[in-house]
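Only one structure is covered here, and it is reproduced in the block below.
The values are calculated or read from the model by the stated rules, or taken from the named source; none is laboratory data. Everything numeric in this text was worked out from a predicted model, so none of it was measured. We place every Cβ from the backbone using ideal geometry, glycine too, and count neighbours over all the protein chains shown.
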Amino acid sequence: MIDTSGHHIVYGELQDYLTGQILPDTDDERVRQSLARLLVEELGYAREDLEPRLTIVSEYAHRVVTTIELTVRVNGWRLFILRYGPGSLVTREKAAIAAARLLDPAYRIPLAIVTNGRDAELLETEQGKVLATGMDCIPSRRQAEELVRELVFAPFADPEKRDQALRILNVFDLEVCCFGTQCHPENH
């Protein structure tokens, strides 16, 4: 039975490709699952290289829980995050960069990828520049091995910059339902 009472159409349940966890079956979740399969089955990552659904909490005007769809770890280093959202990639860049700067307390994750499932952008997180576009910009495991040796995993410790990044997440990742109210995770 299809549940259309919330913000997303829920077709039922599906099993998470990486964890086996049972999740609501939505159009967005289907894309997230296909991205995990792409990384493992086509780009050569082990399931253990991928950390799904890590979160960052920010509390300003609203309490916002930012979910990072996938974080990719290579040789012990978090190399990049992958953030999914339907629609325009440009509107997702600032939040993805902010999340990569904050997620690991020890260092700024050097790369972020934003994707809508059909297109992608590879971003470097120090200056926030787009390095490449297209789904083929997502590094393979072999490319990731080279990148982890070349890139800098520098601390992101400046309190003012950390606060600015948290504020970006608080604004960009606040979900507003079609009913004009703040979304709650149990509605997804």
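Of all residues in the stretch 142-164, which are basic (Lys, Arg) and either modelled with pLDDT under 95 or touching a strand residue (DSSP E or B) at 6+ places or on another chain (Cβ under 9 Å) (or both)?
Across the stretch 142-164, there are no qualifying residues.
Could you check the stretch 98-147 for strands (runs of 3 or more DSSP E) lying wholly inside it with 1 or more residues that are within 13 Å of the chain's Cα centre (by Cα) and either farther than 15 Å from ASN75 by Cα or among the aromatic types (Phe, Trp, Tyr) (or both)?
Those strands (runs of 3 or more DSSP E) span 111-115, 120-124.
Need the failing condition index for VAL31 against (1) farther than 23 Å from VAL148 by Cα; (2) free of Cβ contacts under 8 Å to residues at least 60 places away in the same chain, just the number.
With (1) farther than 23 Å from VAL148 by Cα; (2) free of Cβ contacts under 8 Å to residues at least 60 places away in the same chain applied to VAL31, the lone miss is (2).
Please enumerate the residues belonging to the stretch 84-97 that are within 13 Å of the chain's Cα centre (by Cα) and either of a type in the set (Asp, Glu) or in a loop (DSSP other than H, G, I, E, B) (or both).
GLY85, PRO86, LEU89, GLU93
Scan THR91, THR71 and give me the residue that is polar (S, T, N, Q) and touching a Leu at 6+ places or on another chain (Cβ under 6 Å).
Selected residue: THR71, the only one of THR91, THR71 that is polar (S, T, N, Q) and touching a Leu at 6+ places or on another chain (Cβ under 6 Å).
For residues in the stretch 165-185 being in contact with a strand residue (DSSP E or B) (Cβ under 9 Å, 6 or more places away or on another chain) and in a loop (DSSP other than H, G, I, E, B), which is modelled with the highest pLDDT?
The qualifying residue modelled with the highest pLDDT is ASP173.
How many residues, within the stretch 43-66, are in a strand (DSSP E or B) and either touching a residue at least 40 places away in the same chain (Cβ under 8 Å) or in contact with an Asp or Glu (Cβ under 6 Å, 6 or more places away or on another chain) (or both)?
7
Filter the stretch 148-163 for residues that are within 16 Å of ARG73 (Cα to Cα) and touching a residue at least 12 places away in the same chain (Cβ under 8 Å); which is surrounded by the fewest Cβ atoms within 10 Å (Cβ to Cβ)?
VAL152
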